[in-house]
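Asks: Have a look at the structure that comes next, please.
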Amino acid sequence: MHRGIRPTRTGGGLGRLFGALLVALSLAVGIAADGAAATSRLPQFLAKLNPSDIVPGADRFGPPQGEPPIAPVYKGDTLGGYAYLTSDFVNTVGYSGKPIHVVVGLDLEGTIIGAKLVDHHEPIVLIGIPERKVVDFIAGYVGFNPLKAAISGKTAPEVDIVSGATVTVLVIGESLTRSAARVARTLGLGGAAAEGPAAPQPVRRVDPQAGEITDWQTLLGEGSVRRLHLSIGDVNEAFAASGNPEAARRPEPGDPEKTFIDLYVALVSQPAIGRSLLGEAEYDALASRLKPHQHAILVAGTGIYSFKGSSYVRGGIFDRIQVVQELETIRFRDRLHRRVAALAAEGAPEFKEIGIFIIPGQTEFNPAEPWRLQLLVQRAIGALDKAFITFDLAYTLPDRYLRVESPPPTAITPAPAERQQVGAAADDGATGVGPLPEESAEPPLWERIWRSKVVSIGILLAMILGLTFIFFFQDFLVKRPVLFDRLRLAFLAVTLFWLGWVAQAQLSVVNVLAFANALRTEFQWSSFLMDPLIFILWFAVAAALLFWGRGPFCGWLCPFGALQELANRVAKRFGVPQVKVPWGLHERLWPIKYILFLVLFGVSLGSLALAERLAEVEPFKTAIILRFMREWWFVAFALALLGAGLFIERFFCRYLCPLGAALAIPGRLRMFDWLKRYKECGNPCMRCHNECPVQAIHPEGHINPNECISCLHCQLLYYHDQKCPVMIQRRIKREKRAALSSPSMKPVGPGTDEARVTRNGARRPAESAPAAPDR
């Protein structure tokens, strides 16, 4: 009467063999590409650039030389400058966890004369912020000379931060200044290099033996702890003086004398200061994390403004504070942060938030020299725009914690003219650029990101295990409709609110296109490991495709799909009429999503960047990643799709989702059919066909696996003895058998002592039963 779990007939052994070969090929390509992963992409980018965009007036690039490579740029036969890639010299990992690549041009004096953003994967720029704003931000650094700025004591130019892309532009700005300084020093550019080495000077270093444990007031009085106090009035005056009229018209409300932020900073890697502020146990824990010559600062604050903010929860980067020392700008990631509940120093006040921040090992930071903590204060001036202003908290370690050492012997270095031969000898294949000093070893970036997201990874794994339990024990659950419905609603709510809006783990067709592009170009597993939640989701989806098809993701783990279904449920509760799409029209509409996917895939073969922009047909970025905080036309498009879904359940999933189409294609390789059917399904019964939320069941009764989202509604009907005709007949037969076997239905004859049951349920002896009445 019914067909249970069985091997699927779609795809067959040949299809599974093809799938296995494809996976093996992918792994082989990944392994083979690992050796090329470390090579610079500078030649690749230079081939696509106009030399005059990097060095004005230039007409050709010379061959890149050295490691990391630097390419001479010529104006005719005259050397006009040098071109290099920022990610070759400094860490340029942005919000996405992937490097931001900028090609920079330096003139012979070490001045930045051109810069071009050539590649990035920043989601906020790809899908929310016009790239033109980032290009304008980069242009603000043209004309800056890091070597001359260091000599004169100037800092990097203060370029307006792009609202909504704070982390991205901070990474770009820092990479421009730091890389320019390193390249200029490597090549010996600038007038200062021609003067020869300066006379050796005594070296100031932090003395770990100096000082003793002391109280708060002593630390504050001697300058070991520095303070920045800002009132609401101070901040309002600063925004008014910034020249931004929109920011000035939106002052911070409240008493002007009220504390906006009371900020304190100290160098806690110095043992005496660290033990005084943290206590012995906390300092020992910090010291165990520090590598030789690595340092850490403590930041504490109270008031209505948080120096931590909330962006680091999602992106892992603190975007409101940074340490600045000459040309070095240091930002902190959450993996280098440790919360502190309270200060141990006697007399220390209570703070709203306290954190220890470890200085990254690859930075050129000298705590014995003056530095400053820079606080970034932001103010909303529109639905999407913000204004920014910075406040500096200067810090100089007191002399009592320092020691002066004799200068090291002066190294003999090539003359500037000799080091500049990289340009003149480029045509002869000479290498004039040597490697930079080896930076401190630390775990791969992807590994550090995974460690920082342990809690989120645990929650996602629990969701996946829970969903696996639901599918393996679906028969038990669907026999209890109320329990199953509540369980599904709860799961969809977690998918939308936590997985989507909090963790922002929304898969996209862009991931598919990027993976396909990586297979045929420069496959690196590390690139896909940068976002642990996305990687785990894709691993789970790949496994689910072999067992169930695309349904587990589309029906349970897709945040936008959950948003559509929950919105439709609310609409039904308020009596919104539901539209049943005629089957003939439905069959002609669902192929649209496959066409969209094939178009995007074809475009990606020529230009992945263009395909990423065309993938805006997915409203995931607007509705989930940016939470509708975007330009009105994107929001209108997303709301239109959700509006259609109020009348046609999961309208976007049915007809327009290119990701669903991409998953449906390999989904045909699944090994089992888990959805049970009766031979009566489709003939004569059509209840499942009529009630399927996405019309994945054909009128003749079979399920289209390409369209099924595994909501299990058909399985709920399969066991429902009040809705399914087969189950109704079984229930009726069961009830008849029960009635016939009951004592009241046993025959009563003359001479028996059996009792007779009357119509009103009363019992009386058989011998007193009355005769049948006359008609």
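Asks: For the pair Arg737/Lys580, report the inter-label distance in nm, with labels modelled 7 Å from Cα in the Cβ direction.
Replies: 3.4
Asks: Structure shown: which of Lys572/Lys736; Lys48/Lys621; Lys679/Lys736; Lys593/Lys723; Lys48/Lys75 lie over 27 Å apart, alpha-carbon to alpha-carbon?
Replies: Lys572/Lys736; Lys48/Lys621; Lys593/Lys723, as the Cα separations exceed 27 Å there.
Asks: Might you report the magnitude of the Cβ-based charge dipole of the stretch 670-720 about its Cα centre, with Lys and Arg at +1 and Asp and Glu at -1, to the nearest 20 debye?
Replies: I would put it at about 140 debye.
Asks: Using a basic spin-label model with each label point 7 Å from the Cα along Cα→Cβ, how many nm lie between Ser242 and Asp215?
Replies: Distance between label points: 4.0 nm.
Asks: Using the Cα centre of the stretch 591-635 as the reference point, and only Cβ charges (+1 on K/R, -1 on D/E), how large is the resulting charge dipole? Debye, rounded to the nearest 20.
Replies: 100
Asks: While we're here: Suppose R0 equals 22 Å; then what is the FRET efficiency for Phe672 and Leu465 from their Cβ-Cβ distance, rounded to the nearest 0.05?
Replies: Working from the Cβ atoms, E equals 0.70.
Asks: With each label point set 7 Å from Cα along the Cα-Cβ vector, what nm distance links Phe515 and Val599?
Replies: Between Phe515 and Val599, the label points sit 2.4 nm apart.
Asks: Counting only protein chains, not ligands or nucleic acids, how are Glu364, Glu612 ordered by accessible area (probe 1.4 Å), most first?
Replies: Glu364, Glu612
Asks: Another question, then. With every protein chain in place, what's the accessible area of Phe318 (1.4 Å probe, Å², nearest 10)?
Replies: Near enough 0 Å² of accessible area.
Asks: I would also like to ask the following. Which whole-number percent gives the relative contact order of the stretch 660-738, counting Cα pairs below 8 Å spaced six or more residues apart?
Replies: 25
Asks: Quote the accessible area belonging to Val502 in square angstrom, nearest 10, computed with a 1.4 Å probe and with ligands, DNA and RNA left uncounted.
Replies: 80
Asks: Here's another thing I want to ask about it. How much net charge surrounds Leu397 when only other residues with a Cβ under 13 Å from its Cβ are counted (Lys, Arg +1; Asp, Glu -1)? Could the numbers behind the result be given before it?
Replies: On the way: positive: Arg204, Arg205, Arg226, Arg372, Arg400, Arg403; negative: Asp207, Glu222, Glu369, Asp399.
My count for the surroundings of Leu397 gives +2.
Asks: Calculate the FRET efficiency for Arg250 and Lys352 from the Cβ-Cβ distance with a Förster distance of 30 Å, rounded to the nearest 0.05.
Replies: After rounding to 0.05, the efficiency reads 0.80.
Asks: Could you order peptides 392-399, 105-112, 725-732 by the average number of other Cβ atoms within 10 Å of their residues, highest first?
Replies: 105-112, 392-399, 725-732
The values are calculated or read from the model by the stated rules, or taken from the named source; none is laboratory data. Computed from a predicted structure; not experimentally measured. Glycine gets a Cβ as well: all are built from the backbone with ideal geometry, and neighbour counts include every protein chain shown. For the accessible areas, the whole protein counts, side chains as well, though only heavy atoms, and no ligand, DNA or RNA atoms are used. Shrake-Rupley method; radii C 1.70, N 1.55, O 1.52, S 1.80 Å.
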